[in-house]
Amino acid sequence: MKIYTKTGDKGMTSLLGGTRVSKNHERIDAYGAIDELNAFLGMVADLEADEKRVIFLRNIQSRLFMAGSSLAAESEKAKAFKPDLTEADITALERAIDEMNEDLSPLKNFILPGGHQLVSASHIARTVCRRAERLTAGLVQSGKAEEIIMRYLNRLSDYLFVLARKQGHELKIEEIPWKPKR
């Protein structure tokens, strides 16, 4: 099987189901952002030293792959690609957030992303997750996507924020407070 098909050379691509759409179609934007997020999560997992968290991140990647497939499916054919996301997946993110937060000091101001490559990579993943959430919101609001995908992305971005803080804490990296110009 060749990796290149030349069918997208004129700015069109196919949704799952065969419908041809522009490469800037709302579905392509949404699942493209999820794909980008998945790649960044792979980098975070590769840099992460905590094996339990690596396993958790790989599980998240698997969930995102199915969510992206659901967004790539034509509406009438999307039923076969329903995301395998459940309330338990959202609860797992919330539980992980709560566990990591136990060791962290309360935030007293905004912090700037950075301080270590792992922390920065987690923040990049968080911002890509927020974009994927915004793009998915439009699909959900127009009835073209499952709401649970948007909710999962919302909670995932919270998880990634707390993960970045936890990683910095474990690496003994001081958070960089944002100081507004006066």
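Below are the figures for this structure:
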{"quantity": "Conditions (1) under 26 Å from residue 168 (Cβ atoms); (2) at pLDDT below 95; number of the one not met by residue 85", "calculated": "(1)"}
{"quantity": "Criterion (over 24 Å from residue 179 (Cα atoms) and part of a loop (DSSP other than H, G, I, E, B)) met by exactly one of 93, 85", "calculated": "85"}
{"quantity": "Number of positions in region 19-52 that are surrounded by 15 or more Cβ atoms within 10 Å (Cβ to Cβ), more than 14 Å from residue 121 (Cβ to Cβ) and of a type in the set (D, E, K, R)", "calculated": "4"}
{"quantity": "Residue 77 being assigned to a helix (DSSP H, G or I), modelled with pLDDT under 95 and among the basic types (Lys, Arg)", "calculated": "yes"}
{"quantity": "The one condition in (1) closer than 30 Å to residue 26 by Cβ; (2) among the hydrophobic types (A, V, I, L, M, F, W, C); (3) assigned to a loop (DSSP other than H, G, I, E, B) that residue 107 fails to fulfil", "calculated": "(1)"}
{"quantity": "Per-region count, region 161-177, residues in contact (Cβ under 8 Å) with a residue 60 or more places away in the chain and either exposed (fewer than 10 other Cβ atoms within 10 Å of the Cβ) or among the aliphatic types (A, V, I, L, M) (or both)", "calculated": "3"}
{"quantity": "Boolean, residue 125 is under 25 Å from residue 70 (Cβ atoms), hydrophobic (A, V, I, L, M, F, W, C), touching a residue at least 60 places away in the same chain (Cβ under 8 Å) and not in a helix (DSSP H, G or I)", "calculated": "no"}
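The values are calculated or read from the model by the stated rules, or taken from the named source; none is laboratory data. Keep in mind it's a predicted model, so treat the numbers as computed, not measured. So basically every Cβ, Gly included, is an ideal-geometry build from the backbone, and we count neighbours across all protein chains shown.
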